[in-house]
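Here the structure comes first, spelled out in structure tokens, and everything after it is commentary.
The values are calculated or read from the model by the stated rules, or taken from the named source; none is laboratory data. Please read these numbers as outputs of a predicted model, since none were measured by experiment. Neighbour counts run over all protein chains shown; Cβ positions are idealised from the backbone, glycine included.
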Amino acid sequence: MSYPVDPNATPMPAAATSAPQTETAETVETVEIIETVGAAPQVSATPGSRDAAYWAKQSAHLKVSAAPGNQVNNVDGRSAVGPLQGFGKMWQKTYRLRLVGCSATPAEVIAAWKENFPKFWPRGNRFYVPLTGIAPGEVAMLTVRPGGMPLSTGVLVLYADDESFTLMTPQGHMFAGWITFSAYRKDDVTIAQAQVLMRANDPIYEVGLRLGGHHAEDKFWKQTLRAVGAHFNVTDEPVESENLCVDPRLRWSYAGNIVHNAAIRTTLLGPTRWFRKA
Amino acid sequence: MPTRTFEAHVRQHLPRVAVIDLQGEINSFAEASLSAAYAEAEQHNPQAILLNFSQVEYINSTGIALIVTLLAKARKSHIRLLTCGLSEHYVEIFNITRLADFMSVYPDESTALAARAQEAEA
């Protein structure tokens, strides 16, 4: 253990703004992709902590065992980054779906969510499930298409228990932060929730988020939640969302994150994968 | 499984240092109590707020996210957020989540307050 850890960062004045909204159900489009790659999980095992097995173990750099389908690997050697290490405004985005009429417990919902995680993603996006599934310490690769452009990146499974799991992004990802998927009971109804705590990783991503990226992300997670609902035969409930700006300040000291930008790397290195394949 | 057993109590310690004693489990059910305690501590117009985790039994990822939002609030108000009493396990979690990049982490309250007093003198 090392004490003290003395931070050295810039102030973050903020003014919180809230924009709750609901929307009507739309057609759910999902794809069935289950690919298994990756290394064995690293699980923290500090004695005496009953939640130790739920957390990923500390590791300086992320590592996936293989880049599936010759995808550009923008994950190996990167560090995981939280919402404090990004560049843009800090947002907390919450998406909830009430599973009305569904008898599944929160644990059953989360078990199904972990098992079918790639299936619940919107069409055109791919999540490569590690061999041992959504487990603490696993590093998964993924390919998404913000604005139609392919972007290869990944996530670390930071935390996973029976009723929630959290993914943490690596350097170069669109945003620095965490996504927590959870389920809980309220008023005798099980509620499935995705909560994102994030800031754009670099100035390019921040511009992208402002020019439609936030809207696209909202759509992404709403579709995902509707797919979760459809799995439990809940198709008529709206997905509620709430976007809260936790910190409106840009963190210029992190503008240099741009050197890891996975969108740029995927675009530049993408064509070379065909040569590597050959 | 998350439970609702969480309490937070505010103490004024050194001049301009407020201590929040955290007790129980920090998960989604802790949000209201934690926010209320922070707001109470802020009313003392402190230069630093010390989060005392020595009675905390459990923190899940939602609890860590709550601490991040506290940190954002503190930095907005130019208040330093310090921590003490974290178990070795949670010190590791603070390192993994990189919260430790932004919060001073001390083994116990007296060490934290002594360090804060030294800073104030300097």
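For the residues A:Val144, A:Val139, the requirement of being under 18 Å from A:Thr224 (Cα atoms) and either aliphatic (A, V, I, L, M) or surrounded by fewer than 20 Cβ atoms within 10 Å (Cβ to Cβ) (or both) singles out A:Val144. Would you check if there is a residue in the range B:96-110 being among the charged types (D, E, K, R) and modelled with pLDDT of 90 or more? The answer is yes, given that some residue of the range B:96-110 is among the charged types (D, E, K, R) and modelled with pLDDT of 90 or more. Scanning the range A:187-239 for residues being of a type in the set (Phe, Trp, Tyr) and in contact with a helix residue (DSSP H, G or I) (Cβ under 8 Å, 6 or more places away or on another chain) gives a total of 2.
Filtering the range B:64-101 to residues that are touching a helix residue (DSSP H, G or I) at 6+ places or on another chain (Cβ under 6 Å) and either within 7 Å of chain A (Cβ to nearest Cβ) or farther than 20 Å from A:Arg199 by Cβ (or both) leaves B:Leu82, B:Cys84, B:His89, B:Thr97, B:Ala100.
For the range B:29-63, the set of residues classified as within 14 Å of chain A (Cβ to nearest Cβ), small (Gly, Ala, Ser) and buried (at least 21 other Cβ atoms within 10 Å of the Cβ) consists of B:Ala30, B:Ala48, B:Ser61, B:Gly63, listed by residue number.
Determine, yes or no, whether A:Val189 is more than 19 Å from the chain's Cα centre (by Cα), over 27 Å from A:Ile264 (Cβ atoms) and surrounded by fewer than 22 Cβ atoms within 10 Å (Cβ to Cβ). It is true that A:Val189 is more than 19 Å from the chain's Cα centre (by Cα), over 27 Å from A:Ile264 (Cβ atoms) and surrounded by fewer than 22 Cβ atoms within 10 Å (Cβ to Cβ).
Identify all residues within the range B:102-114 that are part of a helix (DSSP H, G or I) and either in contact (Cβ under 8 Å) with a residue 60 or more places away in the chain or surrounded by 18 or more Cβ atoms within 10 Å (Cβ to Cβ) (or both); write none if there are none. Even if it seems obvious, please write down each step before you answer.
First, pick out the residues of the range B:102-114 that are part of a helix (DSSP H, G or I): B:109-114.
Listed by number, the residues that qualify are B:Glu109, B:Ala112, B:Leu113.
Scanning the range A:166-179 for residues that are crowded, with 24+ Cβ neighbours inside 10 Å, on the phi < 0 side of the Ramachandran plot and in contact with a Phe, Trp or Tyr (Cβ under 9 Å, 6 or more places away or on another chain) returns A:Thr166, A:Leu167, A:Met168, A:Thr169, A:His173, A:Met174, A:Phe175, A:Ala176, A:Trp178.
Residues that are closer than 19 Å to A:Ser253 by Cβ and crowded, with 24+ Cβ neighbours inside 10 Å within the range A:192-214 comprise A:Met198, A:Arg199, A:Ala200, A:Asn201, A:Asp202, A:Tyr205, listed in sequence order. Just a yes or no: is a residue in the range A:117-131 buried (at least 18 other Cβ atoms within 10 Å of the Cβ), at positive phi and outside any strand (DSSP E or B)? No - not one qualifying residue is present in the range A:117-131. Of all residues assigned to the range A:226-246, none qualifies as being more than 14 Å from chain B (Cβ to nearest Cβ), within 23 Å of A:Asn73 (Cβ to Cβ), in contact (Cβ under 8 Å) with a residue 40 or more places away in the chain and hydrophobic (A, V, I, L, M, F, W, C).
Here is the figure for the range A:144-167: residues that are within 11 Å of A:Ile179 (Cβ to Cβ) and more than 10 Å from every other protein chain (Cβ to nearest Cβ) total 2.
Scanning the range B:24-57 for residues that are without any contact (Cβ under 8 Å) to a residue 24 or more places away in the chain, closer than 25 Å to B:Glu119 by Cβ and small (Gly, Ala, Ser) yields one hit, B:Ala39.
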